[in-house]
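Asks: Here it is: the structure, laid out below.
The values are calculated or read from the model by the stated rules, or taken from the named source; none is laboratory data. This structure is a prediction, so every number in the text was calculated from the model and none was measured. Please note: Cβ atoms are built from the backbone with ideal geometry, for glycine as well, and neighbour counts cover all protein chains shown.
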Amino acid sequence: MEDKLQSVGFRKRFQEAYPWIVAPLIVGAPMRVMSGPELAVAVSSAGGFGFIGPGLKPESTAVDLETAKGLVAASGIHQSGSVLPVGVGFQIWNGNLDVSATAVSQYRPAAVWLFAPRNGQSDVDVWTKRLREASPETKIWLQIGTLREALDAVRSASAPDVLVVQGAEAGGHGRTSDGAGFITLLPEIADATRGSGIPLVAAGGVADGRGHSGRSHGASQERALGYQAGDGRRRNTVRTHLYIFAARSLAEQFTRAPSPELGGAQAARI
């Protein structure tokens, strides 16, 4: 009963902050380069929450937000105050905070999704403080993949507004060695963060209604989805170690080739 009441409270807060959404909330994840302004606005127009992914250059964010602003004006989406009814994602480890904060200040997206800090929560705190100064109405979403990251986030003086909990089933960038499957990870984090008042959004391997219902939990009824691969590719993917995290990609000549940087190692077959 307590979980159900908490879920209802979280949903009310989501709908107050993002009045165009419908329940259950479906989130279009900010996949780098692939999630552009057209997709983000289409998701928000359909009652979800669309995020624009990082571009090839830090300056791409402002260009994409300008495009989204024009699309939103023609869409009739119900906006809240002066915020733009889409979100934008940043990879902290290779992001440019000055450029990012300027774009957020100018366009005021409804939320910013942060991911992949080099130095853990300390980097997240720096970005969170700066972005909140740039646009106080913009909510901070933080993607995490372990219980330790979740606890560091909720205990921080610059705690996020939303935690995106990504399981090891994720089709894009995931944990190299310390990730956990969603069935165990989400309840564990929900229990550990229960008193924080921070909503959880489930991510990782959610491709259809079965994935959505399979991840239902009292503290999280919201789901983040990426692109779904075509039928001919589902059994033809590999998991590679990219920087400090694992990435899933199509199996082809490049990914099968031994890597000199990794001592001749090849991508792991999934």
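Asks: Mind checking which residues of the range 46-105 are buried (at least 18 other Cβ atoms within 10 Å of the Cβ), closer than 20 Å to Q143 by Cα and over 16 Å from the mean Cα position of the chain (by Cα)?
Replies: P58, S100, A101, V104
Asks: If the requirement is being assigned to a strand (DSSP E or B) and under 20 Å from T128 (Cα atoms), which of these qualifies: F14, F90?
Replies: Unique residue meeting the criteria: F90.
Asks: Can you spot a residue in the range 33-45 that is in a loop (DSSP other than H, G, I, E, B), touching a strand residue (DSSP E or B) at 6+ places or on another chain (Cβ under 8 Å) and under 22 Å from L200 (Cα atoms)?
Replies: There is at least one residue in the range 33-45 that is in a loop (DSSP other than H, G, I, E, B), touching a strand residue (DSSP E or B) at 6+ places or on another chain (Cβ under 8 Å) and under 22 Å from L200 (Cα atoms).
Asks: Right, next: For the range 106-116, give me the residue count where each residue is assigned to a loop (DSSP other than H, G, I, E, B), within 15 Å of the chain's Cα centre (by Cα) and at pLDDT 95 or above.
Replies: Of the residues in the range 106-116, 0 are assigned to a loop (DSSP other than H, G, I, E, B), within 15 Å of the chain's Cα centre (by Cα) and at pLDDT 95 or above.
Asks: Let me ask something additional. What do you reckon, is S177 at pLDDT 95 or above and over 13 Å from the mean Cα position of the chain (by Cα)?
Replies: no
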